[in-house]
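The structure appears below as structure tokens.
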Amino acid sequence: MTARAQTLILGGGLAGAVAALALARRGDAVSVAAGPPGASAQWSGALDVFGPCLRDPDSGDLITDPHARLQNLLLRRPHHPYRVAGLTSASALSGALADACGLLNAGSHGPDLLNPTARGWCMTPLGAPRWCDGASVTVGVWSPTDPAPVIGVVDFLNFAGFDAPQAAATLRDAGIDATAYAVAAPWLPATPPLTDDPIIAARRLDASPDLDWEPVAAALRAASSARPPTLWLLPPILGADLTAARAHLQRLTAALGALAAEASAQHASLHGWRLHRALQAKLSTTPNIQTLPPQRVVSLRLTPSGVEVAFSDGATTIAERVILATGRWASSGLPRRGPWREPLTGAPLWLDAAPMTDTPPNPPRLLAPDFSADHPLLRVGVAVNPSGLILDAHGDPLSPRLYAIGSALHGTSAPTDACAAGVALCAVTVAR
Ligand SMILES: Cc1cc2nc3c(=O)[nH]c(=O)nc-3n(C[C@H](O)[C@H](O)[C@H](O)COP(=O)(O)OP(=O)(O)OC[C@H]3O[C@@H](n4cnc5c(N)ncnc54)[C@H](O)[C@@H]3O)c2cc1C
């Protein structure tokens, strides 16, 4: 049996990391047990916080104002984790976001990790502009108050995983002045078979930390001399490490004479992978935080003296209290079919105002016929009270020792509600 933990957090994604750092800041001794990388390691690079940008029914304009979006979100989702956490105004939510990002940014990683002030448009790999409420510091964001940007999309001829001409055409369809400019990526093989894997491309660049960007910049400057871009967007492949990617972008920015940044990512996301690695590093170097060897917790048992925790290697420990930051399906934090119970505590999963019943044991289709459609099952999760204590089927705390935070909570659907990272970062009531 390992040493007794005061607070044991299960999960080392965004929610677990913010909770651990917040508790450690106030002097609590915290242990973090994280299984394999979860949703945070797949994050696209753009933070969704205040809810979707719907269209004003009268003017048809897209609503980007945080206050209007949040009120709209809370109206549609009365059981949203923000409401339980008391985050019902844009100023309260902005404050919680700034605090969470401040915790993640402090210390050895400097301002490297997340930028909550990067609010505006960023580009998806297919070129569609999409709104974000913050971003990785390597993602290019242009604000609606900027003068019309002129965007150069970099087409690395020898990287097959990013269609820059298509991306530029999609930006132009959205009314943005964008052009694709082709250049060879100097760190990738010039001849087929060309890689289309962002992670392979990034790792190859890690092997060339001193790459001279001047020839690339000279070619791009020459090709765009008639109408020089104010922002250069590149595929998100500039290194597997955040610090390295940032250094490459800074050198390229200096050589180009205009900001160079990455697009957000669609799959095999380097933004998520860099975030995952940075969170691990941050947790393992912060005083008062003990990171346990990466493995899953397989059971929790309430005893008179605490919560007995069993790990997949057979080890056990006792914790004063346990905080579930175990995420949703990407991390196996929630079951994919009935019984509708949180796997470790047996707590019922809630759908809106009520706990799910265990019949039928198998879900109706988890995916709706329309890919982007709302689906009730996407908003099931664990219910908590305002202190973060997990609720039983009667709405009472299951135990004074069991808490839940982040995307494990019910009341919001990540694909439609545009607040997924916001919930993970801000709905950490237990640590406030
Ligand atoms: C492909 C993809 C793209 C996304 N893009 C965006 C985006 O553009 N904008 C946005 O706002 N959000 C996005 N999200 C959502 C966002 O990344 C997540 O909502 C957020 O990262 C969830 O953080 P979390 O800490 O709650 O959960 P996770 O990051 O999933 O962390 C859960 C942790 O719990 C651990 N765990 C689970 N069970 C156990 C156990 N039994 N024992 C020990 N540990 C356990 C896992 O190993 C993991 O470390 C995206 C998600 C995905 C999957």
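The values are calculated or read from the model by the stated rules, or taken from the named source; none is laboratory data. Bear in mind that the values here come from a model prediction, so they are computed numbers and not experimental data. Methodologically, a virtual Cβ is constructed for each residue, glycine included, from the backbone with ideal geometry; neighbour enumeration extends over all protein chains shown. Note: areas computed on protein heavy atoms with side chains; ligands, DNA, RNA excluded. Shrake-Rupley method; radii C 1.70, N 1.55, O 1.52, S 1.80 Å.
What the table below lists for this structure:
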read-out: Those residues of region 251-273 which are part of a helix (DSSP H, G or I) and either modelled with pLDDT under 95 or of a type in the set (A, V, I, L, M, F, W, C) (or both), in sequence order; value: 252, 254, 255, 256, 270, 273
read-out: Filtered residues of region 378-430 (kept if out of contact with any Ser or Thr (no Cβ under 9 Å at 6 or more places or on another chain) and hydrophobic (A, V, I, L, M, F, W, C)); value: 380, 383, 391, 393, 409, 418, 425, 426, 428
read-out: Hits in region 226-235 (condition: part of a loop (DSSP other than H, G, I, E, B) and hydrophobic (A, V, I, L, M, F, W, C)); value: 226
read-out: Subset of region 274-327 that is assigned to a helix (DSSP H, G or I) and not aliphatic (A, V, I, L, M) - its residue that is farthest from the ligand (Cβ to nearest atom); value: 285
read-out: Qualifying residue in region 236-250 (condition: in a strand (DSSP E or B), open to solvent by 10 Å² or more (accessible area, probe 1.4 Å) and under 20 Å from residue 134 (Cβ atoms)); value: no
read-out: Residues being aliphatic (A, V, I, L, M) and closer than 12 Å to residue 85 by Cβ - total across region 406-423; value: 2
read-out: So residue 376, is it modelled with pLDDT under 90 and within 13 Å of the ligand (Cβ to nearest atom); value: no
read-out: Residues that are crowded, with 24+ Cβ neighbours inside 10 Å and in a helix (DSSP H, G or I), drawn from region 410-432; value: 421, 422, 423, 424, 425, 426, 431
read-out: Answer from 191, 230 - the residue that is hydroxyl-bearing (Ser, Thr, Tyr), without any contact (Cβ under 8 Å) to a residue 40 or more places away in the chain and over 30 Å from residue 41 (Cα atoms); value: 191
read-out: Flag for residue 134 being touching a Cys at 6+ places or on another chain (Cβ under 8 Å) and without any contact (Cβ under 8 Å) to a residue 40 or more places away in the chain; value: no
read-out: Some residue of region 90-109 being of a type outside the set (D, E, K, R), modelled with pLDDT of 95 or more and in contact with a His (Cβ under 7 Å, 6 or more places away or on another chain); value: yes
read-out: Residue list for region 240-253, restricted to those being touching a strand residue (DSSP E or B) at 6+ places or on another chain (Cβ under 9 Å) and small (Gly, Ala, Ser); value: 245
read-out: Complete set of residues in region 263-298 that are polar (S, T, N, Q) and open to solvent by less than 50 Å² (accessible area, probe 1.4 Å); value: 264, 269, 286, 295
read-out: Residues of region 299-341 that turn out to be open to solvent by 10 Å² or more (accessible area, probe 1.4 Å), more than 16 Å from residue 403 (Cβ to Cβ) and not aromatic (Phe, Trp, Tyr), as a count; value: 23
read-out: Entirely in region 43-122, the helices (runs of 4 or more DSSP H) that have 1 or more residues that are closer than 26 Å to residue 12 by Cβ and in contact (Cβ under 8 Å) with a residue 24 or more places away in the chain; value: 81-84, 90-105
read-out: Matching entry among 12, 51, 38 (being more than 15 Å from residue 276 (Cα to Cα), within 16 Å of the ligand (Cβ to nearest atom) and at pLDDT 95 or above); value: 51
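To keep it simple, each residue is scored yes or no on (1) in contact (Cβ under 8 Å) with a residue 12 or more places away in the chain; (2) open to solvent by less than 30 Å² (accessible area, probe 1.4 Å).
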{"residue": "140", "(1), (2)": "yes, yes"}
{"residue": "145", "(1), (2)": "no, no"}
{"residue": "153", "(1), (2)": "yes, yes"}
{"residue": "166", "(1), (2)": "yes, no"}
{"residue": "174", "(1), (2)": "yes, no"}
{"residue": "202", "(1), (2)": "yes, yes"}
{"residue": "205", "(1), (2)": "yes, yes"}
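Per-residue answers, yes or no, for (1) closer than 14 Å to residue 326 by Cβ; (2) more than 19 Å from the chain's Cα centre (by Cα):
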position: 385; (1), (2): no, yes
position: 394; (1), (2): no, yes
position: 402; (1), (2): yes, yes
position: 422; (1), (2): no, no
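Conditions (1) touching an Asp or Glu at 6+ places or on another chain (Cβ under 9 Å); (2) within 12 Å of residue 159 (Cβ to Cβ); (3) of a type in the set (D, E, K, R), marked per residue:
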| site | (1), (2), (3) |
| --- | --- |
| 196 | no, yes, yes |
| 201 | no, yes, no |
| 215 | no, no, no |
| 220 | no, no, no |
